[in-house]
Structure formats: structure tokens, C-alpha cells
Amino acid sequence: VEVVFADGSSESSAVADVAGRYSIDLPAGRYRPFVRGDGVMSAAPPVRERLPARPRPEQVAATRLELAAALDLRTSTDGVDLEVERSGKVHGRVIDTHGKPIAGAIVRAFATDDVGTARPVLGTDVAETDGAGGFQLEVAATTYRLDAFHDRYGGVAAYAMVAVDAGQTAETEITMQAG
């Protein structure tokens, strides 16, 4: 995986070896470290929303550095371990009740487990559909309820439920109703 140390205005990175070890030279400062890599992701504890709201367009696939743990580096430091979660992908498409694709819909994954699944630092639990209504998410391995939002539609006909297995890709379709 690629290990990234970001300070909000720049990033420095290194690639971990097969044992997960890495070394990176950085100036003293405050960083938010995370990883990028297929099948794993950095995540933060879940945020319980009392009333889950529609995601804002700027949240689509946006890196959310505030979710990554903050680390103050003042001297050389050994043993900075970064926890990762095994992840899988969700490929799908959003259609209307006539089977026509809906472009520009915002899709969001909500974990259904009791403890709540961590939110990915790289923002891959929210996506916008392309011209063919397609979307892709990368999320921690668990079961999700998918919701979709679009200004011209009232909501989903029924929530799409999808089980995501580590390293696998789940396929789904979300149908939206006129509103």
C-alpha cells in the first residue's frame, strides 16, 4: 500500500514493503496519515447521524483528512503503525421506475451492523452516478443499505441492501421514484 502523510496543503508518501513496513522523511509538523491501496483502506470511527442527510456534492469521493488521526511529529519517530480495514467494492447503477439510467444522482452507503462501520478517509462511501447511471464505491467489508438522492426524484423505491466481502466486488441496482 501507499502510506500517505498529509498536512492539509501537501502530501508525502512511501510504499510499504510486503511486511507492511515503511520509512518516510518529513519535516517536523502536524500530519494526518492514511493508506491508499487495493483491498484495504484507512478509516475513522463511525459517526452516528441522528437524521442522516443528503450528502453535499463536494463530499463525493473527497478525501476527508479530518477523519484521519492527527499526529504531531517533532523528532524522528519509530513504530507509527496505521490500522487499516479490509475493503471491497460496490458497482451499480441508478435507474428510474422505467429502467432508464439516472445521471448525477448521489449514492451513499450506510453500514447496517450494530457497531457501525468506520468511514473511509478517502471518501469512497459517497459517489455520483455517471451518464449511464453507474457508480462505484469502496467500503469496509460488511453489509450496507444504499440510498440515492437526486433533485428530480423523490427517493428510492426500496433501499438496496448489499453485502460487501473483502477483496470482492458486489453488484447492485437502485431504483428511484419520481418526486
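The values are calculated or read from the model by the stated rules, or taken from the named source; none is laboratory data. These numbers were taken from a predicted model, which means no experiment stands behind them. In this analysis, Cβ positions are derived from the backbone assuming ideal geometry, glycine residues included, and neighbour counts consider all displayed protein chains. Please note that ligands, DNA and RNA were not included when accessible areas were found on the heavy atoms of the full protein model with its side chains. Shrake-Rupley method; radii C 1.70, N 1.55, O 1.52, S 1.80 Å.
Listed by position, the strands (runs of 3 or more DSSP E) contained in segment 67-138 that have at least 2 residues being of a type in the set (Val, Ile, Thr) and surrounded by 14 or more Cβ atoms within 10 Å (Cβ to Cβ) are 85-96, 106-111. Can you confirm whether Ser12 is over 30 Å from Ala111 (Cα atoms), of a type in the set (S, T, N, Q), at pLDDT 90 or above and outside any loop (DSSP other than H, G, I, E, B)? Spelling it out, Ser12 is indeed over 30 Å from Ala111 (Cα atoms), of a type in the set (S, T, N, Q), at pLDDT 90 or above and outside any loop (DSSP other than H, G, I, E, B).
With respect to the conditions (1) among the hydroxyl-bearing types (Ser, Thr, Tyr); (2) surrounded by 17 or more Cβ atoms within 10 Å (Cβ to Cβ); (3) at pLDDT 85 or above; (4) under 25 Å from Ala166 (Cβ atoms), Thr63 lacks only one, and its number is (3).
Mind listing whichever residues of segment 144-179 are among the β-branched types (Val, Ile, Thr), surrounded by 15 or more Cβ atoms within 10 Å (Cβ to Cβ) and not in a loop (DSSP other than H, G, I, E, B)? If the condition is that a residue be among the β-branched types (Val, Ile, Thr), surrounded by 15 or more Cβ atoms within 10 Å (Cβ to Cβ) and not in a loop (DSSP other than H, G, I, E, B), then Val156, Val162, Thr172, Ile174, Thr175 are the ones that fit. Is segment 167-174 home to any residue that is in contact with a Pro (Cβ under 8 Å, 6 or more places away or on another chain), of a type outside the set (S, T, N, Q) and within 21 Å of Gly37 (Cα to Cα)? The answer is no; no qualifying residue exists.
Look at segment 160-169 and say how many of its residues are small (Gly, Ala, Ser) and within 23 Å of Thr97 (Cβ to Cβ).
Within segment 160-169, residues that are small (Gly, Ala, Ser) and within 23 Å of Thr97 (Cβ to Cβ) number 1.
The set of residues in segment 5-46 that are touching an Asp or Glu at 6+ places or on another chain (Cβ under 8 Å) and open to solvent by 70 Å² or more (accessible area, probe 1.4 Å) comprises Val15, Arg30, Arg36.
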